[in-house]
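Chemist: First the structure, then my questions, so here it is.
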Amino acid sequence: MLNYIWFGMIVVGFVVGIMNGRIDEVTKAVIESSGKAIEISIGLLGVMCLWTGLMGIAEKSGLVELITKLARPILRFLFPQIPAKHPAIGAIVMNLVANFFGLGNAATPLGLKAMNELQKLNPRKDTATDAMSTFLVMNTSAIQLIPATVISIRAALGSANPTEIVGTVWVATVCSAVVGIIAVKLLGAIFKRGKPWKL
Amino acid sequence: METIKIVSSYALPAIILVILCIGLYKEVKVYDIFVESAKEGITTVIKIMPSLVGLLVAIGVFRASGALDLLIFALRPVTDFIGIPNEAVPLAMMRPISGSASLALISDIMKVHGPDSFIGRVVSTMMGSTETTFYTLALYFGAAGIKKIRYTLVAAMIADFSSILASVWICTLVFGRS
């Protein structure tokens, strides 16, 4: 599926760019975006090492096991495929906590760590598991306590009450998380019965 | 609101302190284990580089060519029918693709319409309740080396779409359309 989306975006982009007479901008975007991708990766390197290092300590000390035990009731519903004491659970919980507090710098490395752990449970290494899909959808629905960036932009633009949107953000986030999890569970069940369409 | 802000800024130091203190209490060689485990971070980042380059190039081409604007224009009848305000449609399309471009968009929209207008509140809510889905997918699946993502993108897009609808709905309900 990613193959077609990727191919489509680039080819449609080039064709539209030629028709719009913006082929120079498109060429520039190709070069700049590839540079930016590496910039982002390098920027991640530091925090990534920091958090895998800290998670290593948390695992050795038994903290991860404790968190896992506490979170088991919810996680058993969301991730029934993960064995009870697997380190993936610790990384998933830590990632969700970091996301909740808006700690993007910690959330991404912990999320990547969780994906690596989930991959160890994966029998088909090139194919996403149900647990991975659930985790991804929970991450993209962005459950967070305070949307700090949006608030600061609103304040900078002279809003009378920059934080008034916190409540509406919560409602919208919870809606999308619930719908997302239902979608994952339903699609997962459909896919289990065979291949409704080839992806 | 103040207390939430305080919790937010103390969360990170608190998490680090708890990890270190419990580690020491359980007689873990904290520094040695830290250095040993931190190596894992380097391999993960190197693994995500290729997928990130691929994705960002595709997004860059799609945006710079004007194809995204075309898509927004083509979807206008649908978005009108659902009741998404015209001004918010570009954000709804941009949000899953690019975080920085979305930030630029909402600042621009709020500069024109004012942050306390209906449009301003809707785009703020949309921005806060969604993530850069494509980027997250590429990053996380890239790190694990997954090629077949099955239904993940479909489910994530359904979640994004529902948060857009919910944003419009809850802002209408709470603030009224003015």
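Each value in this text was obtained by applying a stated rule to the coordinates, not by laboratory testing. Just so we're clear, the structure is a prediction, and the values are computed from it rather than from any experiment. All Cβ positions, even for glycine, are placed from backbone atoms using ideal geometry, and neighbour counts span all protein chains on display.
Chemist: Subtracting the Cα-Cα distance from 0.36 nm times the residue separation, let me have the gained length for A:Asn20 to A:Ile182 in nm, one decimal.
Modeler: Gain on extension, A:Asn20 to A:Ile182, equals 54.2 nm.
Chemist: How far apart, in nm, are two points set 7 Å out from the Cα along the Cα-to-Cβ line at B:Ile6 and at B:Ile42?
Modeler: 4.2
Chemist: Another question about this same structure. Would you please give the FRET efficiency between B:Lys147 and B:Leu17, computed as 1/(1 + (r/R0)^6) with r the Cβ-Cβ distance and R0 = 35 Å, to the nearest 0.05?
Modeler: 0.30
Chemist: Here's something else I'd like to know. Give the dimensionless ratio obtained when the Cα radius of gyration of the range A:48-140 is divided by 2.2 N^0.38 Å.
Modeler: Here the Cα radius of gyration is 1.00 times the empirical estimate.
Chemist: Please list the three semi-axes, largest first and in whole Å, of the ellipsoid equivalent to the range B:46-107, using sqrt of 5 times the eigenvalues of its alpha carbon gyration tensor.
Modeler: Numbers: eigenvalues 133, 32, 19 Å².
The answer is 26, 13, 10 Å, longest axis first.
Chemist: Quick check on chain B: helices-only [θ] at 222 nm, where DSSP H runs of length 4 and up contribute -39,500 (n - 2.57) each and the sum goes over total residues. Nearest 500, please.
Modeler: Taking each H run of at least 4 residues, the total per residue is -26500 deg cm²/dmol.
Chemist: Based on the Cβ-Cβ distance from A:Ile143 to A:Phe77, what FRET efficiency comes out when R0 is 25 Å, to the nearest 0.05? Write out the running numbers ahead of the final one.
Modeler: Working: r = 16 Å, r/R0 = 0.64.
In this case the efficiency is close to 0.95.
Chemist: Give me the orientation-averaged projected area of the Cα convex hull of the range B:44-175, in nm², one decimal. Numbers along the way, then the final one.
Modeler: Numbers: hull surface 34.3 nm².
For the range B:44-175, the mean projected area of the Cα convex hull comes to 8.6 nm².
Chemist: R0 = 41 Å: FRET efficiency of B:Leu71 with A:Ser152, Cβ-based, nearest 0.05?
Modeler: 0.85
Chemist: Further question: Can you give me the three principal axis dimensions of the protein assembly as shown from its C-alpha atoms, in Å, biggest first?
Modeler: 62, 47, 42
Chemist: Next up: Place a label point 7 angstrom from the Cα of A:Ile5 along the Cα-to-Cβ direction, then list the residues of the range B:87-114 whose backbone nitrogen is under 13 Å away.
Modeler: B:96-98
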